[in-house]
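As structure tokens, the structure follows; a few thoughts come after it.
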Amino acid sequence: MSGENPNRAAALRDRVRANFLGRPLLWAASWVYGAVALLRRFLYAHGVLPSKHAGPRTICIGNLTAGGTGKTTAVLLAAQTLRKKDLSVAILSRGYKRPEPGKEVLVLLKAEHPSWRQAGDEPWMLHHALRGLDVPILVSPDRLKAAETAVAYYKPDVLLMDDGFQHLRLQRDTNIVLLNATDPWGGGGLLPLGDLREPRRALRQASLVLLTHADRVSPEELDRLRAEIHGIHPGAAVAEAAHRPCFILDLGADVRKPLTHLKNREVTLFCGIGDPASFRDQLRRLGAKVAQEWRFPDHHPYTLEELRSIERTRGDRPVVTTFKDFPRLPEHWQEELRGEVLALGIRMEITRGKQFWEAQLCGK
């Protein structure tokens, strides 16, 4: 059995594609979108549109597609790697789809922090995962303003820009571009026909291309993808990464369970992330039997009614979500989900080309 709340934008695109005139219209819109994206990069590159460097070494971690590559876990790994090398770090995040966005730069650092509704789910998750490492997270759609605030108050050695490949007002020293190895080119088309934010040639701006979810495709497919990347950008360094489960959090009891906790158990999962298939596969690799699945749009803020629907159909199975999703549960969610509710924590691991990854982070 599977419950589902599909991404409305993707569903609308599928309906338009099915129409006789729909695909040509989407193709034309994609062509215009791509032309504007290339013109915008050209104008920034030639100084027609102003950009500025904030001072410290600035690293951008971004992608070519709309979600699903694992940027947040990559930023987390980058911050942890830099702190292990005794470099101070500040993270710059847009706080995508914040339900309560503000004009000022919001800072997450101390234990007393804003709610996820003010900060966004990804900055909130990063803040909790980096607790104790003294890494400020500055949230603003204006990454340049956030960078200048970080320099003024925290004086970091390195600025990490989360999801900033298309944010060109802030100059960077290196671009790390993530491609999901299972769908690197967003279905092959630019928005709105596909999920590419920019034409493939934008990859030429990458210092390092990181193939995420590399463990989910064959070595032959990885070789073909590497050849495609080098056909676009012959000088690009290429590394590979996989996402690994690292803990299971019992949300009701606020205690961590071993990864064997779900082995041979039927579960109900729900998530609102860019790549839900990856989450499902992770649970199956842990030995869980996914009996019911609820998918919601990326960054979806859950409602009590949606949780009631899950509760009515879950039976006595544990409900499992992602560490990124659980901050978006509504107040009093415990009154609706009464049984075992778990969150799976995921970390990124560089499986090939670790020397390229560390060289780009440390500027060596």
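State all residues of segment 24-51 that are out of contact with any strand residue (DSSP E or B) (no Cβ under 8 Å at 6 or more places or on another chain), closer than 29 Å to Ile91 by Cβ, part of a loop (DSSP other than H, G, I, E, B) and not hydrophobic (A, V, I, L, M, F, W, C); if no residue qualifies, say none.
Once the filter is applied, which keeps residues that are out of contact with any strand residue (DSSP E or B) (no Cβ under 8 Å at 6 or more places or on another chain), closer than 29 Å to Ile91 by Cβ, part of a loop (DSSP other than H, G, I, E, B) and not hydrophobic (A, V, I, L, M, F, W, C), segment 24-51 yields Gly47, Pro50.
Just a yes or no: is a residue in segment 249-261 of a type in the set (Val, Ile, Thr) and buried (at least 18 other Cβ atoms within 10 Å of the Cβ)? Please lay out each step first, then the result.
Here is the first cut: in segment 249-261, the ones of a type in the set (Val, Ile, Thr) are 255, 260.
The next check asks that each one be buried (at least 18 other Cβ atoms within 10 Å of the Cβ); those that pass are none.
Scanning segment 249-261, I find no residue that is of a type in the set (Val, Ile, Thr) and buried (at least 18 other Cβ atoms within 10 Å of the Cβ), so the answer is no.
I need every pair where a residue in segment 184-212 that is at positive phi has its Cβ under 6 Å from the Cβ of a residue that is surrounded by fewer than 24 Cβ atoms within 10 Å (Cβ to Cβ) and among the polar types (S, T, N, Q), sequence separation at least 6 or different chains.
Gly186/Thr65
Hey, Ser51 hits all of (1) modelled with pLDDT of 95 or more; (2) assigned by TED's automatic domain parsing to the domain that holds Leu211; (3) not charged (D, E, K, R) but one; which does it fall short on?
(2)
Could you tell me whether segment 140-163 includes any residue that is among the acidic types (Asp, Glu), crowded, with 17+ Cβ neighbours inside 10 Å and part of a loop (DSSP other than H, G, I, E, B)? Please lay out each step first, then the result.
Of segment 140-163, the ones among the acidic types (Asp, Glu) are 142, 148, 157, 162-163.
Of the ones still in play, those that are also crowded, with 17+ Cβ neighbours inside 10 Å are 148, 162-163.
Cutting the leftovers down to part of a loop (DSSP other than H, G, I, E, B) gives us 163.
Yes, the conditions are met somewhere in segment 140-163.
Please enumerate the residues belonging to segment 164-175 that are touching a strand residue (DSSP E or B) at 6+ places or on another chain (Cβ under 6 Å), buried (at least 16 other Cβ atoms within 10 Å of the Cβ) and in a loop (DSSP other than H, G, I, E, B).
Residues satisfying the conditions are Gly164, Phe165, Arg172.
(1) in a helix (DSSP H, G or I); (2) in contact (Cβ under 8 Å) with a residue 60 or more places away in the chain; (3) not aromatic (Phe, Trp, Tyr): which one isn't true of Ala54, the others all being true?
(1)
In this structure, does Leu21 turn out to be more than 29 Å from Ala239 (Cβ to Cβ) and modelled with pLDDT under 95?
So Leu21 passes the test.
Examine segment 299-317 for a residue that is touching a helix residue (DSSP H, G or I) at 6+ places or on another chain (Cβ under 6 Å) and of a type in the set (Phe, Trp, Tyr), and state whether such a residue exists.
Yes, segment 299-317 has at least one match.
Residues in segment 78-88: is at least one part of a loop (DSSP other than H, G, I, E, B), in contact with a Phe, Trp or Tyr (Cβ under 8 Å, 6 or more places away or on another chain) and assigned by TED's automatic domain parsing to the domain that holds Gln171? Please lay out each step first, then the result.
Applying the first criterion (part of a loop (DSSP other than H, G, I, E, B)) to segment 78-88 yields 85-88.
Filter once more, keeping what is in contact with a Phe, Trp or Tyr (Cβ under 8 Å, 6 or more places away or on another chain): 88.
Then drop every residue that is not assigned by TED's automatic domain parsing to the domain that holds Gln171, which leaves 88.
Yes: one or more hits.
Considering only residues that are crowded, with 23+ Cβ neighbours inside 10 Å and of a type in the set (A, V, I, L, M, F, W, C), look in segment 204-225 and name the one that is farthest from Asp173 (Cα to Cα).
Looking at residues that are crowded, with 23+ Cβ neighbours inside 10 Å and of a type in the set (A, V, I, L, M, F, W, C), I get Ala214.
Could you list, in sequence order, the residues of segment 275-317 that are buried (at least 20 other Cβ atoms within 10 Å of the Cβ), assigned to a helix (DSSP H, G or I) and of a type in the set (Ser, Thr, Tyr)?
If the condition is that a residue be buried (at least 20 other Cβ atoms within 10 Å of the Cβ), assigned to a helix (DSSP H, G or I) and of a type in the set (Ser, Thr, Tyr), then Ser278 is the only one that fits.
Test of understanding: among Glu349, Glu305, Glu335, Glu293, which residue is of a type in the set (Asp, Glu) and closer than 30 Å to Thr174 by Cα? Explain how you work it out, then say what you get.
Numbers: Glu305 fails: closer than 30 Å to Thr174 by Cα; Glu335 fails: closer than 30 Å to Thr174 by Cα; Glu293 fails: closer than 30 Å to Thr174 by Cα.
So the residue among Glu349, Glu305, Glu335, Glu293 that is of a type in the set (Asp, Glu) and closer than 30 Å to Thr174 by Cα is Glu349.
What number of residues within segment 318-332 satisfy the criterion of being part of a strand (DSSP E or B) and either over 15 Å from Asn264 (Cα atoms) or outside the structural domain of Thr260 (by TED's automatic domain parsing) (or both)?
Here the count works out to 2.
Output the residue which, of all residues in segment 129-138 that are modelled with pLDDT of 95 or more and not in a loop (DSSP other than H, G, I, E, B), is nearest to Lys324 (Cα to Cα).
Applying the filter and picking the extreme gives Ile137.
Yes/no matrix, rows are residues, columns are (1) out of contact with any Leu (no Cβ under 6 Å at 6 or more places or on another chain); (2) in the same structural domain as Ile61 (by TED's automatic domain parsing); (3) closer than 27 Å to Ile59 by Cβ; (4) not small (Gly, Ala, Ser):
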| residue | (1), (2), (3), (4) |
| --- | --- |
| Ile176 | no, yes, yes, yes |
| Ala181 | no, yes, yes, no |
| Gly187 | yes, yes, no, no |
| Glu221 | yes, yes, no, yes |
| Gly252 | yes, no, no, no |
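Looking at Gly68, Gly62 in this structure, which one is under 12 Å from the mean Cα position of the chain (by Cα), surrounded by 22 or more Cβ atoms within 10 Å (Cβ to Cβ), part of a strand (DSSP E or B) and of a type outside the set (A, V, I, L, M)? Write out each step before concluding.
Details: Gly68 fails: part of a strand (DSSP E or B).
None of the others qualify; the one that does is Gly62.
The values are calculated or read from the model by the stated rules, or taken from the named source; none is laboratory data. Note that the structure is a prediction, hence the values are computed from the model and not measured. Positions of Cβ are backbone-derived with ideal geometry, glycine not excepted, and every protein chain shown enters the neighbour counts.
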